[in-house]
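The values are calculated or read from the model by the stated rules, or taken from the named source; none is laboratory data. What you see is a predicted model; the values in this text were computed from it and never measured. All Cβ positions, even for glycine, are placed from backbone atoms using ideal geometry, and neighbour counts span all protein chains on display.
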Amino acid sequence: MSGLATNLGSYDLSSLLIGASGTVGSVVDFRETIDFSLYGAAPAKSVSPEAWSGREPPRIAHRDAGMLNGIGIQNPGIEAWAVAHADAFVSIPTDVWGSVVAHDLDGFAEVANQMSLSGVDAIEINLSCPNLDGRPFALDPKLSGDVVSAVRAATTLPIGAKLSSDAEPIIAIAAAVQEAGADWVVVANSVMGSSIDPETRRPALSGLIGGYSGAPIRPIAIKSVLEIAKGAPDLPIVGCGGVSNAAHVVEFLLAGASAVAVGSAHFKTPRVGKSITRGLNRYMKRHDISSVTELIGAYEPW
Ligand SMILES: Cc1cc2nc3c(=O)[nH]c(=O)nc-3n(C[C@H](O)[C@H](O)[C@H](O)COP(=O)(O)O)c2cc1C
């Protein structure tokens with residue numbers, strides 16, 4: 001077994017490195033570009049009950065060292081998604097995770113149920129979408145717990161809940177989803193943000209507010225991981241936010257994550273998984289570490 005192997009509770013991963021949903025397409029359409037054999041799992045872009053057309057352009061803007069996106073979770077809906085991709089999941093040399101999103105509980109349950117029949121290995125729950133009242137599930141412990149309960153009842157697959165660092169306190173959301181049956185949490189999704197061009201006075205995104213991702217959000221995600229690792233020590237964590245090299249991965253492990261997802265870095269360097277894997281192997285050799293699991297939560301307090 002590779003020293004990069006880890007687990008999320010009883011769910012084993014061949015590598016701690018994971019793709020971040022929405023940055024590796026449907027997984028199937030990125031299989032020639034990204035070497036998924038280096039990843040412990042590849043989560044596909046989020047899928048809703050019906051097709052969502054997404055927002056009008058502009059939907060992407062680079063700001064400072066990060067990236068704003070307001071795609072609006074464009075996707076073909078679960079039925080068309082399963083027809084287009086399910087048969088090809090066996091060709092992916094790692095676990096494929098589906099990602100469910102909806103505006104209400106029935107929608108989450110329906111997508112999770114249909115997704116389970118499509119051959120995915122686990123299901124990630126994207127809680128960052130607004131409910132019918134316009135409030136993101138991820139900001140409310142009760143709403144988040146209700147979504148996880150609905151998905152838990154709809155599938156026997158392992159499930160992870162993807163949280164938002166915008167939630168305050170995030171430990172309340174983590175505790176609610178753990179209680180509702182989540183096997184792990186992904187910490188975290190992009191941070192809500194916006195930007196306006198002083199010359200044109202136009203917002204960078206047609207939808208005004210979107211998700212900010214990349215290097216600037218890493219300290220925010222690390223803080224969220226630390227809080228959850230302390231407050232819910234038996235809840236496995238996938239760290240996510242601003243990872244583009246092996247040192248960033250180690251940082252998340254030391255904070256308490258058991259696995260680490262790479263997102264926006266794929267847009268600049270689709271093969272970033274290779275340099276991260278090499279870097280991790282070098283780090284382990286240098287520090288005489290035989291398994292990355294030795295690093296989980298192992299930061300040295302001052
Ligand atoms: C263009 C784009 C699309 C995304 N789509 C999704 C999505 O469909 N579902 C989801 O859970 N997260 C989505 N995300 C969030 C990422 O999975 C990740 O949580 C976030 O970008 C933070 O990680 P990073 O800083 O490494 O990019 C998207 C991010 C970007 C940049």
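Within the range 222-246, the set of residues being within 13 Å of the ligand (Cβ to nearest atom), assigned to a loop (DSSP other than H, G, I, E, B) and not β-branched (V, I, T) comprises G241, G242, S244, N245.
Could you list all residues from the range 69-128 that are hydroxyl-bearing (S, T, Y), in contact with a helix residue (DSSP H, G or I) (Cβ under 8 Å, 6 or more places away or on another chain) and within 13 Å of the ligand (Cβ to nearest atom)?
Pass one, the range 69-128, residues hydroxyl-bearing (S, T, Y): 91, 94, 99, 116, 118, 128.
From the residues that got through so far, the ones that are in contact with a helix residue (DSSP H, G or I) (Cβ under 8 Å, 6 or more places away or on another chain) too are 91, 94, 116, 118, 128.
Passing the criteria: only S128.
In the range 146-161, of all residues being touching a helix residue (DSSP H, G or I) at 6+ places or on another chain (Cβ under 8 Å) and either closer than 18 Å to S224 by Cβ or at pLDDT below 95 (or both), the one that is nearest to the ligand (Cβ to nearest atom) corresponds to A161.
If I ask for residues that are among the hydroxyl-bearing types (S, T, Y), within 27 Å of G210 (Cβ to Cβ) and modelled with pLDDT of 95 or more, which ones from the range 89-143 would you list?
As a first pass, look at the range 89-143 and keep what is among the hydroxyl-bearing types (S, T, Y): 91, 94, 99, 116, 118, 128.
Those still in the list that are within 27 Å of G210 (Cβ to Cβ) too: 99, 128.
Residue satisfying the conditions is S99 alone.
Run down A232, A257 and say which single residue is under 18 Å from the mean Cα position of the chain (by Cα) and small (G, A, S). Steps first, answer last, please.
Details: A232 fails: under 18 Å from the mean Cα position of the chain (by Cα).
Of the residues listed, the single one that is under 18 Å from the mean Cα position of the chain (by Cα) and small (G, A, S) is A257.
Selection of the range 192-221 for residues being near the ligand (Cβ under 8 Å from one of its atoms) and among the β-branched types (V, I, T) yields only I217.
Of the set (1) within 16 Å of the ligand (Cβ to nearest atom); (2) assigned to a helix (DSSP H, G or I), all apply to R278 but (1).
Yes/no per residue for (1) under 21 Å from V272 (Cα atoms); (2) not small (G, A, S):
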position	(1), (2)
S21	yes, no
W52	no, yes
L68	yes, yes
T94	yes, yes
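Residues checked against (1) at pLDDT 95 or above; (2) surrounded by fewer than 20 Cβ atoms within 10 Å (Cβ to Cβ); (3) within 18 Å of the chain's Cα centre (by Cα); (4) farther than 19 Å from G66 by Cα:
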site: E179; (1), (2), (3), (4): yes, yes, no, yes
site: A182; (1), (2), (3), (4): yes, no, yes, yes
site: N189; (1), (2), (3), (4): yes, no, yes, no
site: V262; (1), (2), (3), (4): yes, no, yes, no
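Looking only at the range 182-207, filter to residues that are out of contact with any strand residue (DSSP E or B) (no Cβ under 9 Å at 6 or more places or on another chain) and free of Cβ contacts under 8 Å to residues at least 40 places away in the same chain; which one of those is farthest from E124 (Cα to Cα)?
The initial filter retains those residues of the range 182-207 that are out of contact with any strand residue (DSSP E or B) (no Cβ under 9 Å at 6 or more places or on another chain), namely 198-201, 206-207.
Cutting the leftovers down to free of Cβ contacts under 8 Å to residues at least 40 places away in the same chain gives us 198-201.
Numbers: P198: 38, E199: 40, T200: 39, R201: 37 Å.
The extreme case among them is E199.
Cβ-Cβ contacts under 9 Å between residues 6 or more apart (or on different chains), taken from a first residue in the range 52-64 that is touching a residue at least 40 places away in the same chain (Cβ under 8 Å) and farther than 12 Å from Y212 by Cβ to a second residue that is more than 12 Å from the ligand (Cβ to nearest atom) and among the hydroxyl-bearing types (S, T, Y), are listed as R55/S206; E56/S206; P57/S206; P58/S206; R59/S206.
Residue check: D35 meets all listed conditions (1) in contact (Cβ under 8 Å) with a residue 60 or more places away in the chain; (2) within 16 Å of D121 (Cα to Cα); (3) over 15 Å from the mean Cα position of the chain (by Cα) but one, namely (2).
Among residues of the range 213-238 that are touching a residue at least 12 places away in the same chain (Cβ under 8 Å) and of a type outside the set (A, V, I, L, M, F, W, C), those with a beta-carbon under 6 Å from a residue that is in a strand (DSSP E or B) and within 16 Å of the ligand (Cβ to nearest atom) at least six positions away or on a different chain give the pairs S213/M67; G214/G66; G214/M67; P216/G66; S224/V187; P236/W184. State whether one or more residues within the range 146-153 are in contact with a Ser or Thr (Cβ under 9 Å, 6 or more places away or on another chain) and within 17 Å of P43 (Cβ to Cβ). Looking through the range 146-153, none of the residues is in contact with a Ser or Thr (Cβ under 9 Å, 6 or more places away or on another chain) and within 17 Å of P43 (Cβ to Cβ).
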